[in-house]
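The structure appears right after this line, and notes come after that.
The values are calculated or read from the model by the stated rules, or taken from the named source; none is laboratory data. Since we're looking at a predicted model, the values are computed, not measured. Positions of Cβ are backbone-derived with ideal geometry, glycine not excepted, and every protein chain shown enters the neighbour counts.
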Amino acid sequence: MSTGKRVVIIGGVAAGPKTAARLRRLDPAADITIVEKGAFLSYAGCGLPYYVSGVIGEQKHLMATPQGLVRDAAFFRKMMNVTVLTHTEATRIDREGRQVEVRSAEGARWLDYDVLVLATGVKPIVPRLPGIELPNVFILRRVEDAEAMKALLAGEGAKNAVVIGGGLIGVEVAEALVARGCRVAVVEMLPQFLPILDPEMALLVQRHIEAKGVRVLTSTTAERIEGAGRVEAVVAGGQRLPADLVLVAIGVRPNSDLARSAGLEVGPTGGIRVNAAMQTSDPNIYAVGDCAEDRHLVTGAPCFVSNGATANKQGRVAANQIAGFADPFPGIVGSAICKVFDYAVARTGLTERQAREAGFEPVAAIAPGPDKPHYYPGAKLLILKLIADRATRRLLGAQAVGPGDAARRIDVAATALAAGMTVDQVAHLDLCYAPPYSPPLDNLITAANVLRNKLDGHLHGISPIEVKAKIDARDDFVFLDVRTPAEHDAVRIPGSTLIPLGALRERLGELPRDKQIVAFCAISLRGYSAERILRAAGFDNVHVMDGGVAAWPYEKASRQ
Ligand SMILES: Cc1cc2nc3c(=O)[nH]c(=O)nc-3n(C[C@H](O)[C@H](O)[C@H](O)COP(=O)(O)OP(=O)(O)OC[C@H]3O[C@@H](n4cnc5c(N)ncnc54)[C@H](O)[C@@H]3O)c2cc1C
């Protein structure tokens with residue numbers, strides 16, 4: 001379809017250029033202009049931590065096509081017949097006159113539009129810390145930020161680095177800085193690191209990153225940044241942490257300023273309110289990407305998530321709509337993945353806390369296991385957590401951590417969430433199987449079955465966090481390890497009593513009937529069998545520790 005519409009797009013990183021590229025393919029006559037206040041276009045912001053670490057060797061790789069063409073203004077002009085104005089900021093929208101004011105070094109002018117697309121992204125949250133303005137304190141959002149960090153690392157260097165904020169970007173950059181030879185501390189104000197996960201899953205990742213030499217301080221607030229002429233330390237929780245480099249990564253909020261000042265509706269999350277066609281409250285103005293408010297498919301509520309994949313999808317939807325093809329965007333389920341040294345960390349849907357806040361009664365299961373049959377070379381551990389609603393058995397969320405293939409399981413879970421499946425339906429999915437790729441019962445299906453056992457009352461679970469609290473409170477209970485003596489010798493949880501599963505039936509007399517028994521094994525499959533044996537023998541206060549030794553995020557002992 002050829003509309004000849006004048007389409008002005010504000011923002012030139014992900015959602016904006018995607019809108020332009022798709023629209024050009026559909027509408028050869030549209031007059032398309034991208035306005036970008038920065039210098040760079042269509043770059044991979046998600047690749048910046050890997051550019052800092054050196055995994056991505058050259059800046060141009062962040063913004064080049066697979067054929068090596070850099071996506072600059074000339075590229076957009078030649079390849080797509082799209083005009084790009086860089087170093088140009090959109091400052092005002094005149095909705096009546098359908099014009100947008102733009103300012104550059106040459107001054108201000110008005111651009112006429114038939115359709116305006118806002119793809120203005122996010123604004124980083126910058127804490128008002130004394131010393132935040134010191135040299136070598138960074139925020140990583142733009143290519144220039146990465147260049148400045150790289151210049152410091154390559155020049156005078158940084159022995160010590162402090163990352164303020166233990167979210168996805170903080171964790172990715174912590175790894176990058178370790179790769180660049182820094183001693184890194186991560187300061188997180190909340191009681192848990194990586195709040196996109198439930199606490200016990202986040203603790204497993206914390207142990208992994210600590211084993212790689214990163215110091216993690218949770219429940220710790222950065223109070224000030226100190227230095228004379230350049231950063232020297234971060235004072236957090238009363239401690240002085242030496243720092244030659246500081247990264248501040250405490251979050252972002254939608255950049256809806258332009259929309260707000262034009263009187264467009266902004267939702268409760270601060271994102272620009274849009275319909276499924278990505279139209280704002282003014283049908284001639286669209287909003288796409290991080291600046292637009294999303295709808296969560298599990299809760300039905302508005303939400304805000306910064307996500308490069310969603311930004312691209314929404315750009316495509318808006319372009320389709322502008323060109324006259326309906327392509328409604330249904331919403332998101334909050335999927336995210338991140339590399340943390342040797343672990344993949346992935347999640348989708350709701351955490352247990354989010355599920356409770358949304359009014360569900362969540363029931364959760366943790367299922368660790370190899371991501372291929374244990375006999376097949378290269379099988380790696382994956383710890384999977386699933387959450388479902390007790391009343392409806394609907395899947396609410398999934399999380400995966402470990403060296404195994406997390407993306408595949410979380411992507412299937414995300415699909416199940418979008419389809420509104422129950423855990424029973426997930427357990428019966430026809431997923432591919434061959435030993436080089438997965439166990440016969442895929443990790444996701446096993447996790448769904450563990451959760452069904454819980455929902456059906458066959459398995460009574462207790463989380464490792466609850467068990468640790470019982471140990472710390474010196475509760476009188478039996479912490480029953482049903483693995484083999486060899487496994488117990490190799491690694492054991494302090495305070496546990498060993499009765500191997502094979503000997504349990506003849507040693508029932510050693511167990512008290514008036515105390516709680518918490519059984520576990522390597523992954524809690526034998527722990528589950530132990531519960532069944534004990535309950536059949538009349539023990540009625542028996543629980544199985546979710547995930548067994550594999551998912552125990554606290555101290556373990558070993559005799560060797
Ligand atoms: C370090 C890092 C790692 C990330 N990793 C991942 C990841 O692994 N996976 C993932 O899904 N997401 C990741 N993200 C998030 C992802 O980059 C964003 O979701 C995505 O870039 C959003 O695209 P966008 O086009 O909506 O907004 P942005 O990329 O924020 O682009 C908005 C652009 O609009 C311009 N602009 C704003 N206002 C104006 C104005 N008034 N006039 C002119 N121009 C304006 C800005 O200069 C900016 O260039 C990461 C982000 C960062 C910073």
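Listed here are the residues, each with its yes/no results for (1) in contact (Cβ under 8 Å) with a residue 24 or more places away in the chain; (2) assigned by TED's automatic domain parsing to the domain that holds Thr348; (3) surrounded by 21 or more Cβ atoms within 10 Å (Cβ to Cβ).
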| site | (1), (2), (3) |
| --- | --- |
| Ala146 | yes, no, yes |
| Leu152 | yes, no, no |
| Gly155 | no, no, no |
| Asn160 | yes, no, no |
| Val163 | yes, no, yes |
| Glu188 | yes, no, yes |
| Pro195 | yes, no, no |
| Glu200 | yes, no, yes |
| Val205 | yes, no, yes |
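Residue-level check: of (1) within 21 Å of Ser104 (Cα to Cα); (2) touching a Lys or Arg at 6+ places or on another chain (Cβ under 8 Å); (3) modelled with pLDDT under 95, Ala73 misses just (2). So, Ile272, is that one within 16 Å of the ligand (Cβ to nearest atom), more than 30 Å from Leu204 (Cα to Cα) and in contact with a Cys (Cβ under 6 Å, 6 or more places away or on another chain) or not? So Ile272 fits the description; yes. Ser524 meets the conditions (1) over 14 Å from Pro368 (Cβ atoms); (2) modelled with pLDDT under 95 in every case but one. The failed one is (1). Filtering the stretch 480-537 to residues that are under 21 Å from Ala447 (Cβ atoms) and among the small types (Gly, Ala, Ser) leaves Ala519, Ala522, Ser524, Gly527, Ser529, Ala530.
For every residue, the table says whether it meets (1) touching a helix residue (DSSP H, G or I) at 6+ places or on another chain (Cβ under 8 Å); (2) among the aromatic types (Phe, Trp, Tyr); (3) assigned to a loop (DSSP other than H, G, I, E, B).
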residue: Phe360; (1), (2), (3): no, yes, yes
residue: Lys372; (1), (2), (3): no, no, yes
residue: Leu386; (1), (2), (3): yes, no, no
residue: Leu395; (1), (2), (3): yes, no, no
residue: Ala407; (1), (2), (3): no, no, no
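Selection of the stretch 305-332 for residues being surrounded by fewer than 22 Cβ atoms within 10 Å (Cβ to Cβ), hydrophobic (A, V, I, L, M, F, W, C) and within 16 Å of the ligand (Cβ to nearest atom) yields Val305, Ala309.
For the stretch 228-282, name all the residues that are in contact with a strand residue (DSSP E or B) (Cβ under 7 Å, 6 or more places away or on another chain) and on the phi > 0 side of the Ramachandran plot. Selection gives Gly237, Gly270, Met278.
Conditions (1) of a type in the set (Val, Ile, Thr); (2) modelled with pLDDT of 95 or more; (3) out of contact with any Leu (no Cβ under 7 Å at 6 or more places or on another chain), marked per residue:
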position: Val412; (1), (2), (3): yes, yes, no
position: Met421; (1), (2), (3): no, yes, no
position: Tyr433; (1), (2), (3): no, yes, yes
position: His458; (1), (2), (3): no, yes, yes
position: Ile462; (1), (2), (3): yes, yes, yes
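When you go through Glu293, Glu232, Glu223 one by one, which is the residue that is farther than 15 Å from Thr120 by Cα, touching a residue at least 24 places away in the same chain (Cβ under 8 Å) and among the acidic types (Asp, Glu)?
Working: Glu293 fails: farther than 15 Å from Thr120 by Cα; Glu232 fails: touching a residue at least 24 places away in the same chain (Cβ under 8 Å).
When all the criteria are applied, what remains is Glu223.
What about Ile285, is it touching a strand residue (DSSP E or B) at 6+ places or on another chain (Cβ under 6 Å), modelled with pLDDT of 95 or more and more than 24 Å from Val7 (Cα to Cα)? Please lay out each step first, then the result.
Working: touching a strand residue (DSSP E or B) at 6+ places or on another chain (Cβ under 6 Å): yes; modelled with pLDDT of 95 or more: yes; more than 24 Å from Val7 (Cα to Cα): no.
Against the criterion (touching a strand residue (DSSP E or B) at 6+ places or on another chain (Cβ under 6 Å), modelled with pLDDT of 95 or more and more than 24 Å from Val7 (Cα to Cα)), Ile285 does not qualify.
Filtering Leu444, Leu417, Leu455 for residues that are in contact (Cβ under 8 Å) with a residue 40 or more places away in the chain, more than 24 Å from Gly378 (Cβ to Cβ) and crowded, with 21+ Cβ neighbours inside 10 Å leaves a single hit, Leu417. No other residue among Ala301, Ala233, Ala276 is surrounded by fewer than 24 Cβ atoms within 10 Å (Cβ to Cβ) and touching a Phe, Trp or Tyr at 6+ places or on another chain (Cβ under 8 Å) apart from Ala276.
Residues are listed down the side, and each one gets a yes or a no for (1) in contact with a His (Cβ under 7 Å, 6 or more places away or on another chain); (2) more than 12 Å from the ligand (Cβ to nearest atom); (3) not aromatic (Phe, Trp, Tyr):
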| residue | (1), (2), (3) |
| --- | --- |
| Lys5 | no, yes, yes |
| Gly12 | no, no, yes |
| Pro17 | no, no, yes |
| Arg24 | no, yes, yes |
| Asp27 | no, yes, yes |
| Ile34 | no, no, yes |
| Ala39 | yes, no, yes |
| Ser53 | no, no, yes |
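For the criterion of being away from the ligand (no atom under 12 Å from the Cβ), touching an Asp or Glu at 6+ places or on another chain (Cβ under 6 Å) and on the phi < 0 side of the Ramachandran plot, Arg95 passes. If the condition is being in a loop (DSSP other than H, G, I, E, B) and within 15 Å of the ligand (Cβ to nearest atom), then the stretch 122-177 contributes Ile125, Val126, Ile139, Leu140, Arg141, Arg142, Gly165, Gly166, Gly167. Residue check: Pro485 meets all listed conditions (1) farther than 27 Å from Ala448 by Cβ; (2) surrounded by fewer than 19 Cβ atoms within 10 Å (Cβ to Cβ); (3) in contact with a helix residue (DSSP H, G or I) (Cβ under 6 Å, 6 or more places away or on another chain) but one, namely (3).
The criterion of at least 3 residues that are more than 28 Å from the chain's Cα centre (by Cα) and touching a residue at least 24 places away in the same chain (Cβ under 8 Å) is met by the following helices (runs of 4 or more DSSP H) wholly inside the stretch 1-110: 15-26, 73-80.
Going through (1) at negative phi; (2) surrounded by fewer than 17 Cβ atoms within 10 Å (Cβ to Cβ); (3) assigned to a loop (DSSP other than H, G, I, E, B) one by one, Arg474 falls short only on (1). Scanning the stretch 326-347 for residues that are under 25 Å from Ile285 (Cα atoms) and out of contact with any helix residue (DSSP H, G or I) (no Cβ under 7 Å at 6 or more places or on another chain) returns Ala326, Pro328, Pro330, Gly331.
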